[in-house]
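Notes follow once the structure below has been shown.
Where a number appears in this text, it was derived from the coordinates with a stated rule and is not lab data. Since we're looking at a predicted model, the values are computed, not measured. A quick note on method: Cβ atoms are made from the backbone with ideal geometry, for glycine too, and the neighbour counts reach across all protein chains shown.
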Amino acid sequence: MALLDPTLVHDLRQVQEKLTTEGRLLPKVQLDGFCATFRQRFGPEQLKVLDGEALLETIHNHSNRDSLVYWLEFKNDDELPAAFGSIAGGSALKFGVYRRKETGAWMTGSPQNQRELSLDEAIQMARTHRDQLIKGAELLEQLPKNATDAEYATLQLNMDRLAPDVSNLVWGHKYFSLLYPDKLDDYHNPDYQRFHLIKLLQLPPEGSGRYTVAGRYVALANELDLPLNHLTTMLNHRDGSPYRYWRIGTSEGTQPRNRWELMRDGNCVAIGWPDLGSLAGLAYDREDKEEVRAKMGVSYPGTPQTVGRAAQQVFNFVAAIASDDLALASDGSTVLGIGKVSGEYSFDPSSDFPHRRPVQWLDLEEWKLPEPEGLQTTVHEIKKDVRNLIEIERRILGSSPIVPVMPAATVAPAPGRPLLQLAGVAGRIQSVLERKGQVILYGPPGTGKTYWALKTACDLASYSRFGVAFEQLAQDQKAIVMGHDSEGLVRVCSFHPAYGYEDFLEGYKPISSNTQLSFEKRDGIFKRLCEDARQRPDRFYLIIDEINRGDIPRIFGELLTILEKDKRGKPILLPLSGSPFSVPDNVYVIGTMNTADRSIALLDTALRRRFGFVELMPDSKVLGKAVVGGIPLAPWLDALNRRICEHIGRDARNLQIGHAYLLEGEHPVSDMGRFARIIHDDIVPLLEEYCYEDYTALSKILGKGLVDESEQRIRHELFDAGRQDELIAALLAPCPEIVTLPQAVTSEAIAPEETLEDNDGEAQENNPAP
């Protein structure tokens, strides 16, 4: 009987194909070889012959790269790659005993209560760990292949009884999983084990512990005919990290669902208690929780129990809910919508439901929770009955974000607030702007920094003014946003070495009149934008391209003092004109910065503190399955960037080639001639600059077919007409494996020039018109 839903099987096969193409699923024979190497080093047979200080050092000395704990936590090389589940993080106390680097003393205990061990005590702990590791291995050896849930439950009980000091710790579980990779999954955290089963719509076995659920993963891997390691790697890629599920009420108490329309059309979940004011900046700690409780007692007095319950709900909404959590807008046990939390908390003082979290709606069908819970609370974490979680995941299986159709009455949003939370890169930019007021997009060349700055600013300004995306506007409306006849809501400038304070804020400019030269005081682009924003409720955006190429302290001057979000509206006196000046709340700044020119670490410290930062890296996914001249563009770009990172050395990550080089507009380049010009005119010169006069490194990146290392030159002749085949061969030579990918093979089955589809779907010949 099949365990998996067919849709899940389809999804997993797609993930398998992708990861196989990228070389991220190691062949079974290699996996077995790595585990065999580990057993030869640290298996029960080897541990049995160790004792005394040799045993202690072999198991627990982190500074020894040949110790067990080092191999389990940090080893990542040809002997044992980091492909078997991470246990990194936290202190060395998670191993029960460790040697303090500063003093050489052996320590145990908890972070709050450590104590020093004598050498004999430390050795005795190592003996206990060794004996329990050996006993646990014996239990796993006796476990039948493809054991049942009941047999794994028995294994858990025996592990708890016979190996209690190691079996329920992350390092103990990883040790056993490396010895028995066909019997144990490599999720070393029970939360991860259960999360991925729920994402697969599987009801986990009853009981707790790290060994109880392993049989389910074995069965699923068998059904898919996969090694266990492949299955968990695929699930990590598909599902990400565990998140939480929250039920959010949709009524203010007088009528059911009377705040659902606000949430649905505003792409948010929201709660009341407006008199608390903004709670932005709360941390998830006891001190801030008590602060919320105190405010609740003042603004909404009641019994300690009612105040405490209300404060807990508000605190959870503000500080506990995280991005990527799922929010269920609900009316009693009826779920009205499922949304993924897509940004940070915000406060809208104009609403009686002012506390907001942006969401991307994934499902807007009504349904009921199988097991009602949290019906008497506004904010409740759903976790008591796993059947509820499985049903939630079933509802969103295969879903994409939904943008609700907005009624005409809601087209004009409240001044200064966008109508909805944007998704993806634009959503990240929007989130930082809401929090900081200004953001810098940084990354290697060709990663779309200017594109995303302009697109996000235009969309946010458009939603704020007209309630729809920029592309949906009429031409006269677009002119208001971009400003063709007059300056619009979105304005652009570019910093360079000659750009100064007088261009940005104010200064004297020379003018010629009747052959006489004089100077006139003029306002700069930012001051004019602020003056316009002060007169209108719209949102105004300034895009500063190449912000790092200017002398930032000189250009910004005293503006840095009043740019911060909490100093908006506070005036200063400009030294030149002597007039007061402030930055309005409805002004937002987006800068772009090419990290190939200058590291982000070199930016002016004052500027770095006032701006948020969004990194944009090469993203081959936008190239899809495009193939040019038999070259699949996405894998080719990934392979090129891997070689850049391998051979350029320091800061190579910031010197990769961005995907935008291979785009024409928003679509991948499709013409081989155009692709060749991009390589010749854009990519090759950039790499020559990176590898300045180091043709050995350049040859390793571009390949010996394109670089004549002995003559110290690029073989430019390969780009001549009639030598296309030689050029393609030279481009593929450093990564020949990509020609075997399905997209490369499929592209040769039907040449794109053979047929065209007309409007009726009939094939027509590609002949010149008569």
Of ALA137, GLN472, LEU80, which is farthest along the charge dipole of the chain in the positive direction, counting Lys and Arg as +1 and Asp and Glu as -1 at C-beta? ALA137
Pairwise centroid distance, computed over Cα atoms, of the stretch 543-584 with the stretch 505-530, Å: 18 Å
A chain fully extended from GLU693 to ASP160 at 0.36 nm per residue, minus the present Cα-Cα distance, gains in nm 185.6 nm
Quick one: compute the contact order of the chain, relative version, from alpha carbon pairs under 8 angstrom and 6+ residues apart, as a percent. 8 percent
Could you work out how far apart the two model spin labels at GLN376 and THR515 are, taking each label as a point 7 Å from the Cα in the direction of the beta carbon, and quote it in nm? 9.4 nm
For the chain, the Cα convex hull volume per residue in Å³ comes to 261 Å³
Among residues other than ALA634 whose Cβ falls under 11 Å from its Cβ, what is the net charge (Lys/Arg +1, Asp/Glu -1)? 0
With the contact rule set at Cα under 8 Å and sequence spacing of 6 or more, what percent relative contact order holds for the stretch 424-615? 31 percent
R0 of 35 Å, Cβ-Cβ distance GLN142-LYS18: FRET efficiency to nearest 0.05: 0.35
Could you please tell me the mean projected area of the C-alpha convex hull for the stretch 621-747, averaged over all directions and given in square nanometres to one decimal? 7.4 nm²
Packing-based ranking, highest mean first, of 508-519, 360-371, 61-72 given that Cβ atoms within 10 Å are counted: 61-72, 360-371, 508-519
Alpha-carbon centroids, the stretch 684-742 and the stretch 194-255: separation in whole Å: 46 Å
Residue separation between THR334 and ASP32 times 0.36 nm, minus their alpha-carbon distance, gives in nm 103.8 nm
The stretch 72-108 scanned against label point 7 Å out from LEU119 along Cα→C-beta; backbone N under 19 Å for 97-108
Farthest positive-ward along the chain dipole, Cα basis, beta-carbon charges - from GLY448, TYR152, PRO256: PRO256
Counted charge near ASN64, where neighbours are those whose Cβ lies closer than 13 Å (Asp, Glu -1; Lys, Arg +1): +1
Report, as a whole number in µm² per second, the diffusion coefficient that Stokes-Einstein gives for the stretch 234-319 at 20 °C and 1.002 mPa s using the Kirkwood radius over alpha carbon pairs. 144 µm²/s
Taking alpha-carbon centroids only, the stretch 75-119 lies from the stretch 422-497 a number of Å equal to 48 Å
With θ taken as phi - 60° and the coefficients 6.51, -1.76 and 1.60, list the Karplus ³J(HN,Hα) couplings across the stretch 366-383 in order, rounded to whole Hz; mark glycine and proline as x. 7, 7, 10, 4, x, 10, x, 8, x, 6, 9, 10, 7, 10, 9, 7, 7, 7
So, R0 is 30 Å and r is the distance between the beta-carbons of GLU366 and ARG309; what FRET efficiency does that work out to, to 0.05? 0.65
Ordered by number, the GluC sites (Glu not before Pro) in the stretch 515-579 that occupy a DSSP loop and have at most 14 other Cβ atoms within 10 Å are GLU558
How high is the FRET efficiency between GLU664 and SER577 when r is their beta carbon distance and R₀ equals 45 Å, given to the nearest 0.05? 0.45
Taking the Cα-to-Cβ direction at LYS704 and at ARG39 and moving 7 Å from each Cα, how far apart do the two end points lie in nm? 4.1 nm
Quick check on the exposure proxy: order HIS129, HIS10 from fewest to most C-beta atoms within 10 angstrom. HIS10, HIS129
May I have the convex hull volume per residue, in Å³, for the Cα set of the stretch 6-239? 128 Å³
Across the alpha-carbon set of the stretch 424-615, Rg over Rh with Rh taken as the Kirkwood radius works out to 0.97
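Which of the residue pairs LYS145/LYS183; LYS18/LYS625; LYS48/LYS135; LYS135/LYS183; LYS18/LYS449; LYS135/LYS174 have a Cα-Cα distance greater than 18 Å in the structure shown?
Those over the limit are LYS18/LYS449.
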Loop sites in the stretch 624-725: chymotrypsin sites (Phe, Trp or Tyr not before Pro), DSSP, at most 10 other Cβ within 10 Å: TYR692
What are the lysines whose alpha-carbon lies under 23 Å from the alpha-carbon of LYS383, with same-chain residues fewer than 8 places away excluded? LYS199, LYS289, LYS340, LYS368
At each listed q (0.16, 0.17, 0.20 Å⁻¹), what is the log10 of I(q)/I(0) that the Debye formula gives for the stretch 245-405 modelled as equal alpha-carbon point scatterers? -0.88, -1.00, -1.36
To the nearest 20 debye, the stretch 10-103 has a Cα-centred charge dipole, built from +1 on Lys and Arg Cβ and -1 on Asp and Glu Cβ, of 200 debye
Please tell me which of these pairs span more than 20 angstrom C-alpha to C-alpha: LYS436/LYS570; LYS436/LYS621; LYS527/LYS567? LYS436/LYS621
Sorted by Cβ density within 10 Å, fewest first, the residues LYS101, LYS135: LYS101, LYS135
Thinking of the stretch 275-367 as a set of Cα atoms, what percent of all their pairs are more than 19 Å apart? 48 percent
Protection proxy ranking of 13-22, 181-190, 220-229 - average other beta-carbon atoms within 10 Å, highest first: 181-190, 220-229, 13-22
GLU151 to TYR70: extension gain in nm, 0.36 nm per residue of separation minus the Cα-Cα distance? 26.0 nm
